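The values are calculated or read from the model by the stated rules, or taken from the named source; none is laboratory data. In this text, all values refer to a predicted model and were calculated from it rather than measured experimentally. Positions of Cβ are backbone-derived with ideal geometry, glycine not excepted, and every protein chain shown enters the neighbour counts. What goes into the accessible areas is simple: the full protein's heavy atoms, side chains included, and nothing from ligands, DNA or RNA. Shrake-Rupley method; radii C 1.70, N 1.55, O 1.52, S 1.80 Å.
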Amino acid sequence: MRRSGARAMLCVAFLLICGCSPVTAAAPVTPPVVHISPALDSKRARPDRGLLVSTSGGTLSNVQAYQGGEPVPGTLDRSRTVWRSDWTLKPAAEYTVTATAAGPRGPATVTMGRFRTRPAERTFGIVSTAPLPGETVGTGMPIIIDFDTPVTDKAAVARALEIKAEQPVEGAWRWTSDTQAVYRTRRFWAPRQRVTVTAHLAGLRLPGGVYGAADSTFVFMVGREQTSMIDTRTHQMIVQRDGEVAQRMAISAGMATTREYTTTSGVHLTMDKGNPVRMVSPGRSKGEPGFYDLMIDHAVRISNTGEYVHAKDNVWAQGRANVSHGCINARPDQAAWFYATSLRGDPVTIIGTDRELEWDNGWGFWQLPWEKWIEDSGPEAADSAEDWVPQR
């Protein structure tokens, strides 16, 4: 009996000792979860909402999205948990997505699949641009985009217009009408550089269910720096090329007997040119005093109110008196030189008259101080592509 009791007490003691060190099972590792919007396998996803990839329980280590073999640009946030496409999506297009999320422990989660965006029943797009694709322009050149539909959400469209210059500048879009947006830099472009303009319109939604049909990209070059200064009081025009005087020209400006015959003062831009250009007196019929109908050689247009720098063989007045109907005329050989060397967007500054060039007369955009230019543009119109978020 004593031995049996002793053995029982030893067993109890052994169990008590073992109970002080319990063995517990390891907690299961929960893999991170990847969320993709639009949902994979969607057939009619809204293109205007863009593509969003996020994860819970981990961080995104890789996101790859493609449409038609082209990568979809996107941005990962600082926490590495949310990736957004930089722009809206193309209507009626198929997208493939592969997203990898890594947790603090355990294997990564890889999610892949595809979805399709809905087609657009009504679309809008670009009908014309200035500069033209591949054009070489002067340092004052604006970027002008004309749309085929009145733009009712101007801020959204301005955010979708991206400018990339080899020498970045500050600039802003301003709407001159419901169908035209104009981009002007704060200061003239630096010469001899390449500028790329991309309109990320595909999938951008305007009120009324109108979608941008496609993205559009064009490239232009800023050429040498050429600026002209015209003083109507001294009847002189000085053309500088890359900071050096390239030509001194005696000129005759508007006679200023009426407003229409007064040359406008201000910063003009060369807009186009023709050789010859037909010039007809405004508001006058044949036989009336002051009527004219002439073919003028080597004419470079600088406004929408009939102002040109052009050739005229009235050397007796050039350098001495203003006798024109508002244009700047110069000796034929010098006018031919100016015609040959001018690029669209070259600045031509005129001083000395009491008629100021209106900012919306031709390309008189430099007439507005920068603060005034951006006053009605809004922060959305300034360069901010890196901060853009797809429209919700």
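Quick look at the values:
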quantity	calculated
Segment 42-53 residues that are hydrophobic (A, V, I, L, M, F, W, C), paired with ones that are assigned to a loop (DSSP other than H, G, I, E, B) (beta carbon under 6 Å, 6 or more apart)	Ala45/Pro38
Residues that are under 10 Å from the mean Cα position of the chain (by Cα), open to solvent by 50 Å² or more (accessible area, probe 1.4 Å) and closer than 13 Å to Thr139 by Cα, drawn from segment 160-194	none
Selection status of Pro32, under 18 Å from Met112 (Cβ atoms), crowded, with 16+ Cβ neighbours inside 10 Å and modelled with pLDDT of 95 or more	no
Condition check for Ser303: surrounded by 18 or more Cβ atoms within 10 Å (Cβ to Cβ), of a type in the set (Gly, Ala, Ser) and at negative phi	yes
3 or more residues over 29 Å from the mean Cα position of the chain (by Cα) and aliphatic (A, V, I, L, M): qualifying strands (runs of 3 or more DSSP E) within segment 60-115	94-102
Residue among Arg278, Arg284 that alone is of a type outside the set (Gly, Ala, Ser), outside any loop (DSSP other than H, G, I, E, B) and open to solvent by 10 Å² or more (accessible area, probe 1.4 Å)	Arg278
Subset of segment 338-369 [open to solvent by less than 50 Å² (accessible area, probe 1.4 Å), at negative phi and in contact with a Pro (Cβ under 8 Å, 6 or more places away or on another chain)]	Trp363, Phe365, Trp366
Checking Thr123 against (1) part of a strand (DSSP E or B); (2) closer than 23 Å to Thr55 by Cα; (3) in contact with a Phe, Trp or Tyr (Cβ under 9 Å, 6 or more places away or on another chain), the condition it does not meet	(2)
Single unsatisfied condition, Thr149 versus (1) assigned to a strand (DSSP E or B); (2) out of contact with any Asp or Glu (no Cβ under 8 Å at 6 or more places or on another chain)	(1)
Conditions (1) within 14 Å of the chain's Cα centre (by Cα); (2) surrounded by 17 or more Cβ atoms within 10 Å (Cβ to Cβ); (3) closer than 27 Å to Glu225 by Cα; (4) not small (Gly, Ala, Ser): number failed by Val157	(3)
Members of segment 287-298 found to be of a type in the set (Val, Ile, Thr) and loosely packed, with under 10 Cβ neighbours inside 10 Å, listed by number	none
